[in-house]
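Working notes, structure below.
The values are calculated or read from the model by the stated rules, or taken from the named source; none is laboratory data. Everything numeric in this text was worked out from a predicted model, so none of it was measured. Glycine also receives a Cβ, built like all others from the backbone with ideal geometry; neighbour counts cover every protein chain displayed. Surface areas here come from the heavy atoms of the whole protein model, side chains and all, with no ligands, DNA or RNA. Shrake-Rupley method; radii C 1.70, N 1.55, O 1.52, S 1.80 Å.
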Amino acid sequence: RELVLAEGDVLDEEGRTVGRHRGVAAYTLGQRHGFTLFAQTPDMPAQYVVAKDAQHNTITVSAEQYPAASKETTVRLADSNWLGEVAEGPCKARYRYRQELIDAQLAGTEVILKEPRYVPEGQSLVLYRAQRCLGGGVVDSSTLR
């Protein structure tokens, strides 16, 4: 089934229309390309997608990649696959190929990343302790805190 995209408004954090996008489903949180801003200048800081509203067909952008109050991200895993016995506790995590490892805390089916990140649902999150791969799972949800 083909996904139909409808153009919509790009909003700033105050809700003002500042540009246009090609369809909400085409964007991920944290993305900084693919939309058009009306008043873009060479010295303007990069703008990141910080919110999506499919019902109103809008995306919200900000010069700050993550909300200022956010300090960490809670990721809930589905379809976990562990390599042997894995104890809860400190570990490192990665959800993109060759991504720098992120300090994390494993707690059951939740992983707390010790920094704010937009972790896409459906992505694999892999955990490590020292040189050992612990396993991981599929991201069911992620929440900035």
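Hey, any hits in region 119-127 for a residue that's at pLDDT 95 or above and of a type in the set (D, E, K, R)? Steps first, please.
We begin by selecting, within region 119-127, every residue at pLDDT 95 or above; these are 124-127.
Subsequent filtering for residues that are of a type in the set (D, E, K, R) retains none.
Within region 119-127 (the criterion being at pLDDT 95 or above and of a type in the set (D, E, K, R)), the answer is no, since none of the residues qualifies.
Within the group 134, 125, 106, which residue is surrounded by 13 or more Cβ atoms within 10 Å (Cβ to Cβ), under 14 Å from the mean Cα position of the chain (by Cα) and part of a strand (DSSP E or B)? Even if it seems obvious, please write down each step before you answer.
Working: 134 fails: under 14 Å from the mean Cα position of the chain (by Cα); 106 fails: under 14 Å from the mean Cα position of the chain (by Cα).
Answer to the check: 125.
I'd like the residue in region 55-88 that is in a loop (DSSP other than H, G, I, E, B) and either on the phi > 0 side of the Ramachandran plot or touching a Cys at 6+ places or on another chain (Cβ under 7 Å) (or both) and, out of all such residues, is surrounded by the fewest Cβ atoms within 10 Å (Cβ to Cβ). I'd like the intermediate steps shown before the answer.
Filtering region 55-88 for residues in a loop (DSSP other than H, G, I, E, B) gives 55-57, 63-72, 83-88.
So of that shortlist, the ones also either on the phi > 0 side of the Ramachandran plot or touching a Cys at 6+ places or on another chain (Cβ under 7 Å) (or both) come out as 57, 83-84.
Numbers: 57: 16, 83: 11, 84: 7.
Step by step, filter region 55-88, then rank; the result is 84.
Scan region 8-54 for residues that are in a loop (DSSP other than H, G, I, E, B), open to solvent by 50 Å² or more (accessible area, probe 1.4 Å) and closer than 22 Å to residue 144 by Cβ and jot them down. Outline the logic, then answer.
Keep residues of region 8-54 that are in a loop (DSSP other than H, G, I, E, B), which gives 12-16, 22-23, 27-35, 38-47, 54.
From what's left, open to solvent by 50 Å² or more (accessible area, probe 1.4 Å): 13-14, 16, 22, 28-29, 32-33, 38-45, 54.
Passing the criteria: 13, 14, 28, 29, 32, 33, 45, 54.
Considering only residues that are open to solvent by 80 Å² or more (accessible area, probe 1.4 Å), closer than 21 Å to residue 71 by Cα and part of a loop (DSSP other than H, G, I, E, B), which ones fall in region 89-103?
Hits for region 89-103 are 96, 100.
Matching residues to (1) at pLDDT 95 or above; (2) polar (S, T, N, Q); (3) more than 21 Å from the chain's Cα centre (by Cα); (4) farther than 19 Å from residue 122 by Cβ:
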site	(1), (2), (3), (4)
29	no, no, no, no
32	no, no, no, yes
45	no, no, no, yes
57	yes, yes, no, yes
72	yes, no, no, yes
76	yes, no, no, no
88	yes, no, yes, yes
91	yes, no, no, yes
102	yes, no, no, no
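Mind counting the residues in region 62-114 that are acidic (Asp, Glu) and under 20 Å from residue 140 (Cβ atoms)? Spell out how you get there, then give the answer.
Residues of region 62-114 that are acidic (Asp, Glu), as a first pass: 64, 72, 79, 85, 88, 100, 103, 110.
If we keep only those that are under 20 Å from residue 140 (Cβ atoms) too, we end up with 72, 79, 88, 110.
Of the residues in that region, 4 qualify.
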